[in-house]
Structure formats: C-alpha cells, structure tokens
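Just so it is clear, none of the values below were taken in a lab; they were calculated from the coordinates. This one's a predicted model, so the numbers in the text were calculated from it and none came from an experiment. A quick note on method: Cβ atoms are made from the backbone with ideal geometry, for glycine too, and the neighbour counts reach across all protein chains shown.
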Amino acid sequence: MPVRPITPKEASAGGNIPDVVLETVNDYLKARGSMDRIVLTQNELLTLLEGKGVNRREAFEKGWLNFEEVYRAAGWDVEYDKPGYNESSSAFFTFSR
C-alpha cells in the first residue's frame, strides 16, 4: 500500500503518548470518578509524572501532554486552558462527562 499523508485528526490522536502519561491521567480520573467535572492542573500532572521518572522537559518537547483527543475519543469532554503571558494562573485540563 502506498504511503499517504496523515490527516490533522490522525496527527492529534495521541499515538506518541507513552503509557505512563495515560496511566497517570487515568489514575487521577479514577480517584475522582464520582465527580461530573474533574480539573487536573498541568503542574500537578507534571509532578505526578516526575514521580514516575518522566522528565518534565521531555514531556513538553515530545508533546506528551497533548492527549485531549485521545480522551475525547473515549467519551470525555476535555478542555485545556492555558493562561495568557500576562496572567498568573496555572494551565489546566478540565474533564467532563
């Protein structure tokens, strides 16, 4: 079969996200499973990942935190909010049923 370009949706489908990232997010969601809306800050996720041996810089460089589409495909409504350059709040993911 000839090689074809991938679609933007295929590119964002999270094929390069390591299991440890998905397992960490899954564990976080399970721990708060009864909630209709779950907020996971980017810093909290990175701290959890560092505890499992993941390098923070590598996670950013390789796009391992771009997992929204994977969870959307699984039925979650996922939003990522990143503050503007002049805002002091933290970036976070919001998962809704």
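List of remarks:
- Residues of the stretch 43-81 with amide N under 16 Å of a point placed 7 Å along Cα→Cβ from residue 89: 43-44, 79-81
- Residue-averaged 222 nm ellipticity for the chain, from DSSP H runs of 4+ at -39500 (n - 2.57), nearest 500: -10000 deg cm²/dmol
- The Cβ shell under 11 Å around residue 71 holds other residues with a net charge of -3, Lys and Arg each +1, Asp and Glu each -1.
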